[in-house]
Amino acid sequence: MMEAAKPALTIAPRRRLVERLSLTGIDGVMLGAAAGLIAFSIFTLATSTRSEIDGRPLYFVERQSLYAIFGIALMVAISRLDYTRLRDLRLAIYSAMVGSIALVLLVGTAVRGSNRWIDLPFFQFQPSELAKILLCVSLAAFVYERVRRPFGLRQTVSLLALGLAPAALVFLQPDLGTGIVLVAIVLAVLFVAGIPWQHFAAIGAAAALIAGGAYVAGSAADVQFLHGYQQDRLTAFLDPSDDPSDASYQVNQAVIAVGSGQEVGRGNDATQTELLFLPERHTDFIYAVIGERFGFLGAAFVVFLYAVLFWRAIRVMRVSRSFYGTMIAGGVVAMLAFQVIVNVGMNLGLMPVTGITLPLMSYGGSSVLGTFLALGILQSIHADSARGRR
Amino acid sequence: MYLLERPEDIPPRLSNRLNVRIAVLTAVVVAAVAMVLLRLWSLQVLDGAHYRALAQDHGVLDVRVHPPRGEILDRNGKVLVGNRTVMTLELRPSDLPADREKRRAELHRLGNLLGLSQGAIRRRVRETPQYAGYPVVLRQGVDRRLLFYLLENQDRFPGVRVDRTYVRDYKDGSLAAHVLGLVGQVSPHQLTRPGYRNLKPGDVIGQAGVEYTYDSFLRGTAGSQRIQVDALGRPRGQLGSRPARAGDNLRLTLDSGIQEVGEAALRDRGLPGAFVAMNPNTGAILAMGSYPTYDPSFYTRPHTKAQYDAFGGRPGDPLVDRADQGGYPTGSAFKPITATAALEDHLIEPNTIFNDTGSLDIGGLVVHNAGGAANGPIDMSTALKVSSDVYFFDLGLHAEASDKGGQIQDWAHAYGFGQNPDVDLPAAGSGLIPTPAWRDRVYRSHDNPYIDRPWNQGDNVNLAVGQGDVMVTPLQLARAYSALGNGGTLVRPHVGGRIVDVRGRTVERIKPRPKRHLQISDETRSVILGGMERAAMEPGGTSFPVMGGFPFAVAGKTGTAERGEGQEDQSWYGVIAPYRDPKIVVAVTVEHGGFGVESAAPIARAILERYFHLSAGGASGSAAASAGGVE
């Protein structure tokens, strides 16, 4: 009688693998969604940017892959740290963030008429991408210090000022898109912090008043607050035209591209985004490329991956052991969701052209690394709560 | 305030108010995602067909921006082929209005502008040699008034286009025309081939000569311009453009000075012929010409089919490059090959003496020396010097004639005869070295026993002196003599030197590796080269009348091949210079030129004099001494 030795059924090796990679407490679903998005991004770049740069068909693919690898490693590394320590560093973080944005204003490289980059030896670094997560972390820490007392109007105003200062600097670069994202982050953090509804109403009213007043006063005094192209973009959204030199033209082209993708996409017949209709098709308009190439199937799948990411981020808000973590997560949710909705909305003709990138999809090192950094902090909050449950 | 109810370490989920805020945030996100999905659904699924139609018909014109083609320069950087721009007026018949009356009206309007009748335009379209569906050039050099009028009124002239195009500019007329080659529109057939995949109908590519061989470098990359047009086809704005990238320049190994001298000497002789001057050590071709020749600029101007055919069909077949496509029997210029076979395969020894009585009886057929001379008892060296046919007839009798061919055929093949010369020109001929098997193959196709001519010893005798079915191109002879001169290396001849980009940086050096190395003993070489040197430099040598006064020793061999009853002989000359340390090999052939020394040798001498910077006919010692320094 021969009986083969049965291998012992055990899940031990799997657990050891998780431990060996020191992935304990990592939210696998969030990691999967993020990895899926960046993989889709690389795939899209591989299929649609072959002829972008003469003789270097894989230029964008290689670089984006490199950013993805660094980004995921960065995320895992950050998740191993104790995020609550950041609270003590809030002043340093805040000053570094404001300082770096100010530095860009002084020494940055102008790309298409706007100072957003700092030239590092190996890399053009865009501090405003990093500023988003740093603002989440530091503003939440400042709020946290005042969390025991009820919010008075003075507190709200001072926190608002603290949050809007870097946003204002970013507007000056001028980078309209990132500035708006920063404002959204500030509002989200304050909202989660629990400032009274009345204060929100007041903020809204003040904003409307200032904008309206500025517009009226500006047109009366013939002063332009927005750069010409910014104004073009915003007004063009309200009144689209066929003029190719016009900003709304890009949106029209993007909408035609997405629509022409139909259910399953045009694959390699995708001409709308492939030819020269859409500038920035590897960055701001990558979603239109996906829509045209892969159709509703691909475009909706991307939205699905984002939805999963949002869900897991919101879940982090709920499971966080500390209110500090909840506020950070709230800021990150706002940052990711706002960027995704505005960028995708722009590609679908729902939103004006603002130059906001699509996190993990748009080509670009600063954007990819900044997003993974934010996800790393979420993972750290998640890991901390997992430790608490055990 | 929930914040007061909650100490910091208590999980926030306990706070009601926070729950509400998170729920609101979640609701906003869910609503936004839902909005995006709905919009996506509406765009792609509900209205997808509409947008697909928009994407496919855009009111957009893609204009291909043609790059300037790379220039072709000689070895010293002198431009041989450049570009000039011309405004051309093109008519694409398929884009004319479908309605007969409208088409007639448009042709009438166009005719008035151009001063042509409607019938003349139609005739022009019909008679232009052009692929179906390709545009026909009606006029080159459109003046500004006409240009602006047509641009202003484009909607009234569908199918008519005025375009700035690049046209080849041949700086020296017909100089080196055969080597340079021609450009032409890519054919529909070519478009299906892998190397031409990125091209579009109407693109101009190299179709002959080095234009063809190095086309991928010279061609450049077309750019594009997207132009938004309104319903009437008028440009309304530029959407974007990708600039065209100019082609790389091609630097040839040709020296235009030598080329000019060679072509002039051949032209002065007035008979069809060709020459090749080559560096025997590298295979770099210094000059290569064929007569009669043609002016390639003919093809840059509009012409009719009849003109096209007449141009190519002129007497003397001017389009044929006799230097690498013309195969002729070489006559005695073949003897160095026979001599190599005889010495290397030990049919004879270098000092073997044959008694040249002036004629030889081959099984009843008596063959004579050319001119009937009797040279008496001579060795190999002298036989080469005086070009004794009887001596080489004897060698032919000694050689085997097996199916594959005997020693002579083997060595001829080793020297590159009967084979593709591996030159970087597209249409080079292989020539022919007849073997018994070849003879059987050719005549097997005929059933007529009277035509059947099995190989016999007489054929071997004929082959030994380069007569009969032998076909050799001047390029092949230059290559074989180069191998003899350089110690046995069979080079790959080339006219391409290097590829240089527009900024002057060398992209690629063209240095083909030698084809093979022949095992020829030094003794054999020195006997043969010595015989050839005596032929050129010693009184009584076959080319002494032409080369005798040359300031330093060269090794040369004449050839005089019979071309049949009533035809003048084919004249050949091959020369290696200087004799000891070869720098240049020249091969010349002249159809109906008579004795080699009469027609071919003077042309070769002119080329050598130009190469070594000697004044014609004179000898300057210093020039000769410095000759070693010339590349």
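The values are calculated or read from the model by the stated rules, or taken from the named source; none is laboratory data. Only a predicted model underlies this, so the values are computations on that prediction, with no experimental measurement involved. Note that each Cβ is placed from the backbone with ideal geometry, even for glycine, and that neighbours are counted across all protein chains shown.
Only one residue in B:Pro545, B:Pro512 is in contact (Cβ under 8 Å) with a residue 12 or more places away in the chain and not in a helix (DSSP H, G or I). Which one?
B:Pro512
Working only within region A:285-306, note down all residues that are more than 9 Å from chain B (Cβ to nearest Cβ) and farther than 28 Å from A:Gly28 by Cα.
A:Phe285, A:Ala288, A:Val289, A:Arg293
Counting residues that are closer than 20 Å to B:Thr560 by Cβ, which helices (runs of 4 or more DSSP H) fully inside region B:291-373 reach at least 1?
Correct list: B:322-325, B:335-344.
Failed condition for A:Arg312, given (1) touching an Asp or Glu at 6+ places or on another chain (Cβ under 7 Å); (2) facing chain B (nearest Cβ under 7 Å), with all others met?
Result: A:Arg312 passes all but (2).
Go through region A:300-323 and report how many residues are crowded, with 24+ Cβ neighbours inside 10 Å, over 18 Å from the mean Cα position of the chain (by Cα) and outside any loop (DSSP other than H, G, I, E, B).
1
Just a yes or no: is a residue in region B:76-89 more than 14 Å from chain A (Cβ to nearest Cβ), of a type outside the set (A, V, I, L, M), loosely packed, with under 15 Cβ neighbours inside 10 Å and assigned to a helix (DSSP H, G or I)?
No, that holds for no residue.
Select from region B:207-238 the residues that are at pLDDT below 90 and in contact with a Leu (Cβ under 6 Å, 6 or more places away or on another chain) and write down the one among them that is farthest from the other protein chains (Cβ to nearest Cβ).
Restricting to residues being at pLDDT below 90 and in contact with a Leu (Cβ under 6 Å, 6 or more places away or on another chain), the top hit is B:Val229.
Would you mention how many residues in region B:275-329 are touching an Asp or Glu at 6+ places or on another chain (Cβ under 7 Å), surrounded by fewer than 19 Cβ atoms within 10 Å (Cβ to Cβ) and closer than 30 Å to B:Leu463 by Cα?
The total comes to 0.
If you go through region A:345-377 one residue at a time, how many are more than 9 Å from the chain's Cα centre (by Cα), buried (at least 24 other Cβ atoms within 10 Å of the Cβ) and within 14 Å of chain B (Cβ to nearest Cβ)?
Selection size over region A:345-377: 4.
Do we have B:Gln130 as part of a helix (DSSP H, G or I), in contact with a strand residue (DSSP E or B) (Cβ under 9 Å, 6 or more places away or on another chain) and either within 24 Å of B:Asp309 (Cβ to Cβ) or among the acidic types (Asp, Glu) (or both) here? Can you show your working first?
On the way: part of a helix (DSSP H, G or I): no; in contact with a strand residue (DSSP E or B) (Cβ under 9 Å, 6 or more places away or on another chain): yes; either within 24 Å of B:Asp309 (Cβ to Cβ) or among the acidic types (Asp, Glu) (or both): yes.
No.
Can you work out which of the residues in region B:288-309 that are in contact with a Ser or Thr (Cβ under 7 Å, 6 or more places away or on another chain) and among the polar types (S, T, N, Q) is modelled with the highest pLDDT?
B:Thr293
Please enumerate the residues belonging to region A:320-335 that are out of contact with any Ser or Thr (no Cβ under 9 Å at 6 or more places or on another chain) and at the interface with another protein chain (Cβ under 7 Å from one of its Cβ atoms).
Within region A:320-335, A:Gly330 is the sole residue that qualifies.
Residues to consider are B:Gly418, B:Gly431, B:Gly363; find the one that is on the phi > 0 side of the Ramachandran plot and buried (at least 22 other Cβ atoms within 10 Å of the Cβ).
Result of the check over B:Gly418, B:Gly431, B:Gly363: B:Gly431.
Residues that are assigned to a helix (DSSP H, G or I) and either within 17 Å of A:Ala257 (Cβ to Cβ) or at pLDDT 90 or above (or both): does region A:346-354 have at least one?
Yes, that holds for at least one residue.
Report whether or not A:Val342 is touching a Gly at 6+ places or on another chain (Cβ under 9 Å), within 10 Å of chain B (Cβ to nearest Cβ) and of a type outside the set (Gly, Ala, Ser).
Spelling it out, A:Val342 is indeed touching a Gly at 6+ places or on another chain (Cβ under 9 Å), within 10 Å of chain B (Cβ to nearest Cβ) and of a type outside the set (Gly, Ala, Ser).
Please tell me if B:Val45 is surrounded by 14 or more Cβ atoms within 10 Å (Cβ to Cβ), out of contact with any Leu (no Cβ under 9 Å at 6 or more places or on another chain) and under 30 Å from B:Gly209 (Cα atoms). Even if it seems obvious, please write down each step before you answer.
Values: surrounded by 14 or more Cβ atoms within 10 Å (Cβ to Cβ): yes; out of contact with any Leu (no Cβ under 9 Å at 6 or more places or on another chain): yes; under 30 Å from B:Gly209 (Cα atoms): no.
It is false that B:Val45 is surrounded by 14 or more Cβ atoms within 10 Å (Cβ to Cβ), out of contact with any Leu (no Cβ under 9 Å at 6 or more places or on another chain) and under 30 Å from B:Gly209 (Cα atoms).
For region A:142-150, indicate whether the set of residues that are modelled with pLDDT of 85 or more and more than 14 Å from chain B (Cβ to nearest Cβ) is non-empty.
Taking region A:142-150 and keeping what is modelled with pLDDT of 85 or more, we get A:142-144.
Now drop any that are not more than 14 Å from chain B (Cβ to nearest Cβ), which leaves A:142.
Scanning region A:142-150, I find at least one residue that is modelled with pLDDT of 85 or more and more than 14 Å from chain B (Cβ to nearest Cβ), so the answer is yes.
Looking at (1) assigned to a loop (DSSP other than H, G, I, E, B); (2) at pLDDT 90 or above; (3) among the hydrophobic types (A, V, I, L, M, F, W, C), which is the only condition A:Ile133 fails?
So A:Ile133 meets the others, but not (1).
Which pairs do you get when a residue that is under 20 Å from A:Val186 (Cβ atoms) and within 7 Å of another protein chain (Cβ to nearest Cβ), found in region B:1-28, comes within reach of a residue that is modelled with pLDDT of 85 or more and outside any helix (DSSP H, G or I), reach meaning Cβ atoms under 7 angstrom, with the pair 6+ apart or on two chains?
B:Pro12/A:Ser320
Give the number of residues within region B:562-580 that are touching a Ser or Thr at 6+ places or on another chain (Cβ under 9 Å) and under 15 Å from B:Pro336 (Cα atoms).
Qualifying residue count for the region: 5.
In region B:182-217, what residues are surrounded by fewer than 19 Cβ atoms within 10 Å (Cβ to Cβ), in contact (Cβ under 8 Å) with a residue 24 or more places away in the chain and among the small types (Gly, Ala, Ser)?
Result: B:Gly184, B:Ser187, B:Gly202.
Given the structure, is B:Asn462 modelled with pLDDT of 85 or more and assigned to a helix (DSSP H, G or I)?
Considered against the rule, which asks whether it is modelled with pLDDT of 85 or more and assigned to a helix (DSSP H, G or I), B:Asn462 comes out as yes.
Would you check if there is a residue in region B:107-123 being assigned to a loop (DSSP other than H, G, I, E, B), within 14 Å of another protein chain (Cβ to nearest Cβ) and surrounded by 13 or more Cβ atoms within 10 Å (Cβ to Cβ)?
The answer is no; no qualifying residue exists.
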